[in-house]
1. Size of the stretch 30-85 along its principal axes in angstrom, Cα-based, largest extent first?
2. Expressed as a fraction of 2.2 N^0.38 Å, the rule-of-thumb size for a compact globular protein of N residues, what is the C-alpha radius of gyration of the stretch 188-250?
3. Using the Kirkwood radius over Cα pairs, work out the Stokes-Einstein diffusion coefficient for the stretch 109-203 at 25 °C and 0.890 mPa s, in µm²/s as a whole number.
4. Report, in deg cm²/dmol and to the nearest 500, the calculated mean residue ellipticity at 222 nm for the chain, where each DSSP H run with n ≥ 4 adds -39500 (n - 2.57) and the sum is divided by the residue count.
5. Test of understanding: what is the full-extension gain from residue 88 to residue 110, defined as 0.36 nm times their sequence separation minus their Cα-Cα distance?
6. May I ask you to derive the relative contact order of the stretch 125-216, considering only C-alpha pairs under 8 Å and at least 6 residues apart, and to give it as an integer percent?
7. Per residue, what volume in Å³ does the Cα convex hull of the stretch 69-227 take up?
8. Quote to one decimal, in nm, the extra length available between residue 276 and residue 102 on full extension: 0.36 nm per residue of separation minus the C-alpha distance between them.
Amino acid sequence: MSAFTTRFAPSPTGRLHRGHALSALTAWTAARAGGGRFILRIEDIDPTRCRPEFEAGVVEDLTWLGLDWDGPIRRQSDHLQDYAGVVDVLGRRGLLYRCFRTRKDILDAIGDAPHGPAEAARPGPHPAEEEATLLAEGRPFAWRLSLDRARAALGVRAWSQLAWVEEGAGPDGERGLIPARPETAGDVVLARKDAGTAYHLAVTHDDALQAVTHVIRGHDLFEATHVQVLIQALMGWPTPTYRHHPLLLDASGRRLAKRDKAETLQSIRERGVDPARVRAELGF
Ligand code: GLU
């Protein structure tokens, strides 16, 4: 069996807050307790929201908390060719289709959809003639994973056996062997118009490349696992064990979020708080 390997994989779209500290400490403690590896990965494929100073902030904040990591930091924006290679492989197998629609087109379609959002998140390929015109006009497009084609490629039996082992818990307490239901996510985008890749593809690629055996992360990403397990099956990558942990809530019971201006670790540090106190408050 391969050595226990886990990771912390923040997107540098802002400074870290206590919720990130909880996630990083949970993964780091699990690795260090079992003589395993803890990897730091910077998931900075979103060119509109990620900034180098936030990446530097991640390193500064984790170091202040007393965490260390094994091997070099992997920065996803340095590896866009790797992800393009996966898009190419899946595309050659006919599993992807071009989608020229804008976010607004998709949202409008959700409003019109007779069976709700899931159906609208599967817009389907454009008619051939329309696609040819849009291509000729040089319009930007995303690549979406076709659930229908993926199901046909895997076969009904393998599709029905898609599953992962949950050692933590989902938002509704789900644990144990969880059947994967990729259809809940629709035909997800695997290559964004602006980035050439997308979260689900880059994260599964890197978990496989870095031989991650345990994905430890907040249960806000529990639902994302359904489609990530499908991508692993299509690519022949192993499915790690997952441990989703509860999110840290603020005094009013809401999850901490950058957008709600949760206090950052930087400002906690600048108030002169001892990092040992932050760790203790989080249960470490
Ligand atoms: N980069 C993702 C985020 O910051 C986390 C990815 C993961 O842990 O799977 O939300």
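The values are calculated or read from the model by the stated rules, or taken from the named source; none is laboratory data. Bear in mind the structure is a predicted one, so any value in this text is a computation, not a measurement. Note that each Cβ is placed from the backbone with ideal geometry, even for glycine, and that neighbours are counted across all protein chains shown. Remember, those area values only see protein heavy atoms, side chains included, never the ligands or the DNA or RNA. Shrake-Rupley method; radii C 1.70, N 1.55, O 1.52, S 1.80 Å.
1. 36, 27, 15
2. On the way: Rg = 12.5 Å, N = 63, 2.2 N^0.38 = 10.6 Å.
This ratio for the stretch 188-250 stands at 1.17.
3. Numbers: Rh = 15.8 Å.
Taking Rh from Cα pairs, D becomes 155 µm²/s.
4. Numbers: 12 runs with 115 residues, N = 284.
Calculated at 222 nm, the ellipticity per residue is -11500 deg cm²/dmol.
5. Working: separation 22, 0.36 × 22 = 7.92 nm, distance 2.91 nm.
Extra length available between residue 88 and residue 110 comes to 5.0 nm.
6. Values: 67 pairs, mean separation 26.5, N = 92.
Over the stretch 125-216, the number comes to 29 percent.
7. Values: hull volume 23.7 nm³, N = 159.
Spelled out: Cα convex hull of the stretch 69-227, divided by residues, is 149 Å³.
8. Numbers: separation 174, 0.36 × 174 = 62.64 nm, distance 4.67 nm.
Length difference between fully extended and current span is 58.0 nm.
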